[in-house]
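Everything below concerns the one structure shown next.
A short reminder: the numbers here are calculations on the coordinates, not readings from a lab. Owing to the predicted nature of the structure, the values given are computational and were not obtained by experimental measurement. Virtual Cβ from ideal backbone geometry, glycine too; neighbours counted across all protein chains shown.
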Amino acid sequence: MNLTELKNKLPDYAKDIKLNLSMLTTDEEHMDLTTKQIQQIMLATAFATKNFFLIQQFSNEMLAHLSIAEIDAAKAAATMMSMTNIYYRFLHLVSDKSFSSLPAKLRMNIIAQPGIDKVDFELSCLAVSALNGCGLCIDAHTKELLKHGLTQIAIQSAIRIASVMNAAAMSLEIETTISP
C-alpha cells in the first residue's frame, strides 16, 4: 500500500487531512526540509501515534526510501521520546519544582549518538515530543535545532507533519473502532 491508498482509506470527513498529507509530500521546497527529513519525521510520528495501520503503511513505504539506520533512528526517536516526554512533562507540570533538582537516572545515549545526522534525529524527536505534549522537550529540541542553523519554517514544518500524522491516525482509529 502507498500514500495514495492511505489517503483513499480516510473518510470524507477527513478531506482536509487528505489534502494536508498531499501537501506534506509535494510542497517540500516551502518546508525548509529535505525529502529524507520529511520521510523520517513521518515515520517517527507514525510510530508515536501507535496506530497499527499507519505504522504498517509508513514502515512499508519507507523501506524503499530510507536506510536501515534511518528507520531505526525513527523507531528510536519514537521510543525514547515516549519515555523522556513522560518524565520531563511531569517535571514541567508538578507544582513542587524541587523534583527538577533530582537526577533523571534515565539512559538516553541514543540522543547523543543516533546513528544518523544529529539534526535529522532532533527533528524527529521534536515532532514526537509535540505529539506527546512535552513542553520541556519541545523547548530543548527547538533550541538544539536553532543552534544547528535550522529555520523556524523547518521547525514549524516538523510540527505540521506531526499534527497531520496525528489527525490521520485519529481518523483511522475512528473508522476502525466504529462501523456505521
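Considering (1) β-branched (Val, Ile, Thr); (2) within 24 Å of residue 142 (Cβ to Cβ); (3) surrounded by 15 or more Cβ atoms within 10 Å (Cβ to Cβ); (4) more than 14 Å from the chain's Cα centre (by Cα), the lone condition that residue 38 does not fulfil carries the number (4). For the range 98-157, filtered to residues that are free of Cβ contacts under 8 Å to residues at least 12 places away in the same chain and either hydroxyl-bearing (Ser, Thr, Tyr) or touching a strand residue (DSSP E or B) at 6+ places or on another chain (Cβ under 6 Å) (or both), the residue that is farthest from residue 37 (Cα to Cα) is 98. Looking at the range 75-180, the helices (runs of 4 or more DSSP H) lying wholly inside it that each contain 3 or more residues that are out of contact with any Pro (no Cβ under 7 Å at 6 or more places or on another chain) and closer than 30 Å to residue 23 by Cβ sit at 118-132, 135-147, 152-177.
Selection over the range 34-52 of residues that are touching a Leu at 6+ places or on another chain (Cβ under 8 Å) and either part of a helix (DSSP H, G or I) or of a type in the set (A, V, I, L, M, F, W, C) (or both) gives a count of 12. Taken together, the residues in the range 141-180 that are among the small types (Gly, Ala, Ser) and more than 15 Å from the chain's Cα centre (by Cα) amount to 3.
Filtering the range 21-33 to residues that are assigned to a helix (DSSP H, G or I) and crowded, with 18+ Cβ neighbours inside 10 Å leaves 21, 24.
Does the range 1-17 contain at least one residue that is polar (S, T, N, Q), within 18 Å of the chain's Cα centre (by Cα) and not in a helix (DSSP H, G or I)?
Of the range 1-17, the ones polar (S, T, N, Q) are 2, 4, 8.
Those still in the list that are within 18 Å of the chain's Cα centre (by Cα) too: none.
No - not one qualifying residue is present in the range 1-17.
Which of the residues spanning the range 1-20 are β-branched (Val, Ile, Thr) and surrounded by 14 or more Cβ atoms within 10 Å (Cβ to Cβ)? Step through it out loud before you land on a result.
Step one: of the range 1-20, the residues β-branched (Val, Ile, Thr) are 4, 17.
17 - this is the single residue of the range 1-20 that is β-branched (Val, Ile, Thr) and surrounded by 14 or more Cβ atoms within 10 Å (Cβ to Cβ).
Here the condition is being farther than 20 Å from residue 55 by Cβ and either crowded, with 16+ Cβ neighbours inside 10 Å or within 12 Å of the chain's Cα centre (by Cα) (or both); of 126, 136, it holds for 136 alone.
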